[in-house]
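Structure first, then comments.
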Amino acid sequence: MKTRTLLLLSVGVGLMILLAGGVLLLQLANESAAVEPAEVGDVVRVGDVEVTVLGAAETATLFSVDVEVGGVDDDLSGFSLATGDRRLQPVTAAADGRCTEITVVEQRCRIEFDTSAADGSNRVLVLRRGDQQRNWVLQTP
């Protein structure tokens, strides 16, 4: 092949890549990726788990979320707390009234997070199950 032919082919391929990128950008711009926060007291289903957030409270070192949760036997790894500067995982050590796992039978308990090293006042409970996610923006009294 001649140099001229190779240059024209490379320019043509570059234009096709640019066009494909533009189409993808338009698709992503029209997609709504924001997760609407759920309200406290609403029964929410995320994957195979059903959750009702009943309220929240905070001490100097712990942020506690009162929930009713059930639907499947699993750990609490799908729950996290976004604080503005970091994402915290639940405390899973056994304590009176604390959730240590999700069970098929609905249970009422507290999911607690150690916030002693977290800065900021934002508190967003996040539950991810597979490709589904729900958030609760929580305010403490």
Where a residue in the stretch 90-109 is hydroxyl-bearing (Ser, Thr, Tyr) and its partner, wherever it lies, is modelled with pLDDT of 90 or more and not in a loop (DSSP other than H, G, I, E, B), with Cβ under 7 Å and at least six apart: THR103/GLY70
Residue match in the stretch 16-37 (condition: hydroxyl-bearing (Ser, Thr, Tyr), over 30 Å from THR115 (Cβ atoms) and in a helix (DSSP H, G or I)): no
Residues within the stretch 131-141 that are in contact with a strand residue (DSSP E or B) (Cβ under 9 Å, 6 or more places away or on another chain) and open to solvent by 70 Å² or more (accessible area, probe 1.4 Å), tallied: 5
Selected residue [surrounded by 12 or more Cβ atoms within 10 Å (Cβ to Cβ) and β-branched (Val, Ile, Thr)] from VAL23, VAL65, VAL11: VAL65
Qualifying residue in the stretch 29-39 (condition: surrounded by 10 or more Cβ atoms within 10 Å (Cβ to Cβ), of a type in the set (A, V, I, L, M, F, W, C) and touching a residue at least 24 places away in the same chain (Cβ under 8 Å)): yes
Filter result (open to solvent by 70 Å² or more (accessible area, probe 1.4 Å) and touching a residue at least 60 places away in the same chain (Cβ under 8 Å)) within the stretch 40-57: VAL40
Residue that is most open to solvent (accessible area, probe 1.4 Å) [pool: residues in the stretch 93-130 that are under 16 Å from PRO37 (Cα atoms) and either assigned to a loop (DSSP other than H, G, I, E, B) or acidic (Asp, Glu) (or both)]: ASN122
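The values are calculated or read from the model by the stated rules, or taken from the named source; none is laboratory data. Note that this is a predicted model, so its numbers are computed, not measured. Please note: Cβ atoms are built from the backbone with ideal geometry, for glycine as well, and neighbour counts cover all protein chains shown. These area figures cover heavy atoms from the full protein model, side chains too; ligands, DNA and RNA do not enter into them. Shrake-Rupley method; radii C 1.70, N 1.55, O 1.52, S 1.80 Å.
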